[in-house]
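Heads up, the thing below is written out as structure tokens.
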Amino acid sequence: MSLTVLKTLNKTRFVKIIALSLLTIVLLCLSFPPADLVYLAWVACIPWFILIVTGERYLCLYSLGLGVVFFVVQLSWLRHVTFIAWILLSLYCAAYFLIFAFCARLITSNLKLPIVIVMPCIWTASEFIRSFLMSGFPWFFTGHTQYRYLPIIQLADVAGVYGISFIIIMVNAAIADLLICSFTGQRRAFFRLTCILPPALVAASLLYGLHWLRHYHPEEGPAVCMIQGNIPQDLKFESTEEDEIQILKKYTDLSMGMKGTPIDLLVWPETMMPGILNINPELTGRKIDLLSQLTATSLAQELNTNLLLGGIALTLAGKEQIYFNSGYYYNRKGTLLNRYDKIHLVLFGEFTPLKTYFPFLAKLVPYEIGLTHGHERTLFSLDTLQNGNFTFGASICYEDTVPSLIRKFKRDGVDFMVNITNDGWFRDSAELDQHLAIMVFRAVENRITMARAANTGISSFVAPDGAIYDTLSDPAGKYREISGTLTNRIKYIKNAASFYTMYGDWFAILCTAASGIMLTLAMIKFCVPGTEKPAEKSH
């Protein structure tokens, strides 16, 4: 073959790889919020999977590149906080794309197993591992794209969000396999399985979802009011005492606007109480601490409501000062009853590991002080004006993205959950929409309402069926970076304990175990002397 022909073939191969990779990136990006073109998720990975299955060279390189571009684009809101973390987190997440492609190629080439089984298993395993490894980043799971399509996401109360991801990737893999068959004119192995299994699973999921929705009849629970002050993070982060007083006044004024309205719980978002509420203000000598404590007591009494207020807590251990990201709970008499200290802190966001040994790592953290994680899930008892007593729990910031934590709260006996968050760090970005989309799955998985109070948005109520049944917005329809109050009743299902609540991530663990077994067998077959190794296809 002449050198000219080889160069032409190499150029054609390069263009093919770039074109198909870019197509997958575009389709994946459009599948997630805020574009919310959910149907694209069902075909987004087909171009990439074709490259994997047809044996194109430089598999690891273009898979890593695809992942890097996708995550750099999707995580662009991190640039508002730290450029270094934006790039490092994108690279870390992209590594899972590389590992997925490598494992999928190795297993299908050596074990000759159907890609409609192999790819969904490996993909689900990679999402599951990413959810907890290195403190976890359970963001941008394929299943999250379907958060507004209620019939398909009801399956999450059995298999979690991972079950939705599994089905979506199976459909992508099946279509990719069938396209390869049509282009090559060859009937691939497991052709019938490829044609039958994905439609059957999709149909079964839809039937299950429609059946559950048809028999879903929630009851009305407590009246909850969320306060959204829309305090810019720049003002809050570098605030003077006068700034703190103004923040306190704004949230107080919005709260007092509810006077005369019967509510059972009034909620301020994460860290919106500028003063420390759990310590004698004489010890700190700060005026804002005294004002904050007086304000909390006064609000509860004047509004005749219970309060959940996001703030920083301080405990003293000798000369050491220990800080927590907390939610304070007051009763109607204005008495501080209890508080919840955030358990799942954000790595390089709220704490820095190994900071003592590597001081430069402290520059990656936006806080001057390091926060300490809480040690227990706190349950709050809520007395209502009309509906009796309820038990609820609080999650702070990204904790509502952690499936295991909300599941444990449900197992502890909560009737609903309140998430308090300050997404003001990310301004008017897609992060706000993405965060809300993930929370939808916590509601479905555990069949509880998730009420969300956010400083800059998106404050909302999510029902046990995953429906976002109320969202704070202005008359023009804007729902990010606005201020106001959002009041509605909690929807709840009596004695609802889903399969997922009882057994957790059994499906993801099963996929991980299956992937591990397949990978081990494929490596053994690849490495055993005398075994013929798969050759690269030439094009």
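Summary of values
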item: Rounded accessible area of Val26 (nearest 10 Å², 1.4 Å probe); result: 80
item: The chain, accessible surface, carbon-and-sulfur percent (1.4 angstrom probe); result: 63
item: Whole-angstrom gap from region 244-322 to region 148-188, using each part's C-alpha centre; result: 49
item: Cα shape, region 199-260, gyration tensor, a/c 1.5 rule; result: oblate
item: Neighbourhood net charge (13 Å Cβ-Cβ; Lys/Arg +1, Asp/Glu -1) for Pro403; result: 0
item: Helical mean residue ellipticity (222 nm; -39500 (n - 2.57) per DSSP H run of 4+; nearest 500) of the chain; result: -15500 deg cm²/dmol
item: Net +/- balance of residues flanking Thr297 in space, Cβ distance below 14 Å, scoring K and R +1, D and E -1; result: 0
item: Surface accessible to a 1.4 Å probe, Trp42 within the full protein complex, Å²; result: 50
item: Dimensionless Rg ratio for region 52-145, taking C-alpha atoms and the 2.2 N^0.38 Å reference; result: 1.15
item: Counting all C-alpha pairs of region 462-528, share separated by more than 20 Å (%); result: 63
item: Principal-axis tilt of helix 83-111 within the chain, Cα atoms, nearest 10 degrees; result: 40
item: Heavy-atom SASA rank of Val118, Val72 (probe 1.4 Å, accessible area, largest first); result: Val72, Val118
item: Overall form of the chain per C-alpha gyration tensor (a/c, 1.5; a/b vs b/c); result: prolate
item: In Å², nearest 10: area of Lys236 left accessible to a 1.4 Å probe; result: 50
item: Cα long-axis angle, helix 115-132 against the chain (0 to 90 degrees, to the nearest 10); result: 30
item: Summed side-chain charge close to Thr240 - residues other than Thr240 whose Cβ falls under 13 Å, Lys, Arg +1, Asp, Glu -1; result: -3
item: Over region 389-531, volume per residue of the alpha carbon convex hull, in Å³; result: 145
item: Value of Rg to Rh for region 107-227 (Rh from inverse mean 1/r over Cα pairs, i.e. Kirkwood); result: 1.09
item: Dmax and Rg, reported as Rg then Dmax, of region 178-337 (C-alpha, Å); result: 26.6, 82
item: Gain in span if fully extended, Gln301 to Asp412, counting 0.36 nm per residue against the direct Cα distance; result: 37.0 nm
item: Whole-number D in µm²/s for region 254-356 (Stokes-Einstein; Kirkwood sum over Cα pairs; 10 °C, 1.306 mPa s); result: 108
item: 19 Å Cα-Cα threshold exceeded, pairs from Lys410/Lys491; Lys250/Lys287; Lys236/Lys259; Lys259/Lys333; result: Lys236/Lys259
item: Per residue, in Å², the accessible surface of the chain once ligands and nucleic acids are set aside, probe 1.4 Å; result: 43
item: Relative contact order (percent, whole number), the chain, Cα cutoff 8 Å, 6+ residue spacing; result: 17
item: Pairwise label distance in nanometres, Ile18 with Ala200, each label 7 Å out on the Cα-Cβ vector; result: 4.3
item: Helix axis angle, 241-256 relative to the chain longest principal axis, alpha carbon, degrees; result: 90
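The values are calculated or read from the model by the stated rules, or taken from the named source; none is laboratory data. Note that this is a predicted model, so its numbers are computed, not measured. Using ideal geometry, Cβ is built from the backbone for each residue, glycine included, and neighbour counts are taken over all protein chains shown. With ligands, DNA and RNA removed, areas are computed over all heavy atoms of the protein, side chains included. Shrake-Rupley method; radii C 1.70, N 1.55, O 1.52, S 1.80 Å.
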